[in-house]
Amino acid sequence: VSPNDIFRIDKNEVSAETMAQHEHHEEEVNQETVDHDKQFSVLKGKDLLNSISIGDESTKCPWESSSFSLLPQSALGFFTRITEGIFGPFGSTSVSGPIASDLISEDENEFKTPEEKENPETCDLCMEMQPLVAGDMLRFEGTNLKPEINDDQESKEHRSSSVSKRPERFDQFDMVADCSDHHFLDGAGNVPALSQVKRGWLRKVQQEWSILEKNLPESIYVRIYEDRMDLLRAAIVGSNGTPYHDGLFFFDIFLPPGYPHEPPLVHYRSGGLRVNPNLYESGKICLSLLNTWTGSGSEVWSPESSSILQVLLSLQALVLNEKPYFNEAGYDKQIGRAEGEKNSISYNENAFLMTWKSMLYLLRQPPKHFEPLIEEHLKLRSQNILLACKSYLEGAPVAYALDSGSTEHENQKGGSTGFKIMLGKLFPKLVEAFSGKGIDCSRFTEEEK
């Protein structure tokens, strides 16, 4: 299941039938475990869950073997309730065991270790059932929210059976493992110790994941990391009718310990190029929603209503817009004036050139886990991109949506001489780069000859 689909199983949610099964086997399990309670005090949840078989082949409880007979009664009781609640409806063999009532909070019906009882604000879901080591960082190793399943053929068939058959395409939202090239790998210098993570932070992050998974538009892609819940990476496709059309723009996101009471940190992967007044070569982003620019009301970050999805949509619609020249502070006063509109056209020409220079950079050094997206995107859009370049060389204004049927820009003058010269140098590089990815660009190479 997805991490955001994980739910806490409360004591009050255990059915009467399950309670009866618990009582029926209580004496038997107690007898098996009483001699070993002092030897083993904790067991990692994933080790137990990984040992549970799903389906008709499961014929006995996991702890009926000699290895599981050593489990302490408290651990058995807790995981008995979890496995009963999760696997029972799928027809697996009923599991049983006493309820570890001494480790369940009477106030919140949550499983808590003694350390957590002393610090009720500490996030209990992101800790292993063992004492925390001072200095442990927020990497969540061993506490992967993604259930581990053996990679045998049977397990793969079981997982694939729950997913409807569809053409293989790059998923818009997914969890990945390696974040080694993330800009905020070191957490902007303030990664909290694992024991300091608050329950509210974890809840908010999982809520953000759920919002993204269900509501991302087709032109935005997000990856989260199983070992770093505080990191995300997003790819935004430039919209038609803008100088950024068909381009890909990547952003690294960090959720600080104070999130959502403070906004996320967002870094633009620029390749050293300036494509927009709000996106700097250094990767800095000026956006009121991130509190990096002035704003008021809904323009600034709100802990109650703002979200990562809102940030991504703002970047796509408000930053990578049709006339980015007017994003510059004070330039909005020139909207509609002849000089302002002329400058806007020139800026669009430069923005288009910088967009595709940055795309050449991305082809050489693609962000981890997004390599398939870049290749898939170019295979789908390469013809449109090259046709747009040809149209611009012939005098069509930049940002004219070739495939939308729009006539809004027909009365504008064609591109400047300088723009055509620069695009003429860039065009064969694009053809070469696309051809290097196995894309058929023969019609354009023949025209060049």
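Would you please list the contacts, defined by Cβ atoms under 8 Å and residues six or more apart or on different chains, that run from a residue in the stretch 368-385 that is touching a residue at least 24 places away in the same chain (Cβ under 8 Å) to a residue that is outside any loop (DSSP other than H, G, I, E, B) and among the hydroxyl-bearing types (Ser, Thr, Tyr)?
These pairs meet every condition: Phe370/Tyr221; Leu373/Tyr221.
Only one of Leu353, Leu313, Leu360 is of a type outside the set (S, T, N, Q), outside any loop (DSSP other than H, G, I, E, B), in contact with a helix residue (DSSP H, G or I) (Cβ under 8 Å, 6 or more places away or on another chain) and farther than 19 Å from Ala399 by Cβ. Can you tell me which? Spell out how you get there, then give the answer.
Values: Leu353 fails: farther than 19 Å from Ala399 by Cβ; Leu313 fails: in contact with a helix residue (DSSP H, G or I) (Cβ under 8 Å, 6 or more places away or on another chain).
The conditions single out Leu360.
Sort through Leu248, Leu232, Leu255, Leu279 and tell me the only one that's surrounded by 19 or more Cβ atoms within 10 Å (Cβ to Cβ), over 19 Å from the mean Cα position of the chain (by Cα) and within 25 Å of Ser180 (Cα to Cα).
Values: Leu248 fails: over 19 Å from the mean Cα position of the chain (by Cα); Leu232 fails: over 19 Å from the mean Cα position of the chain (by Cα); Leu255 fails: over 19 Å from the mean Cα position of the chain (by Cα).
Going through Leu248, Leu232, Leu255, Leu279 in turn, just one is surrounded by 19 or more Cβ atoms within 10 Å (Cβ to Cβ), over 19 Å from the mean Cα position of the chain (by Cα) and within 25 Å of Ser180 (Cα to Cα): Leu279.
Test each condition in (1) assigned to a loop (DSSP other than H, G, I, E, B); (2) at pLDDT below 55; (3) of a type in the set (D, E, K, R) for Arg159 and report the one that comes out false.
(1)
The values are calculated or read from the model by the stated rules, or taken from the named source; none is laboratory data. None of these values were measured; they are calculated from a predicted model. So basically every Cβ, Gly included, is an ideal-geometry build from the backbone, and we count neighbours across all protein chains shown.
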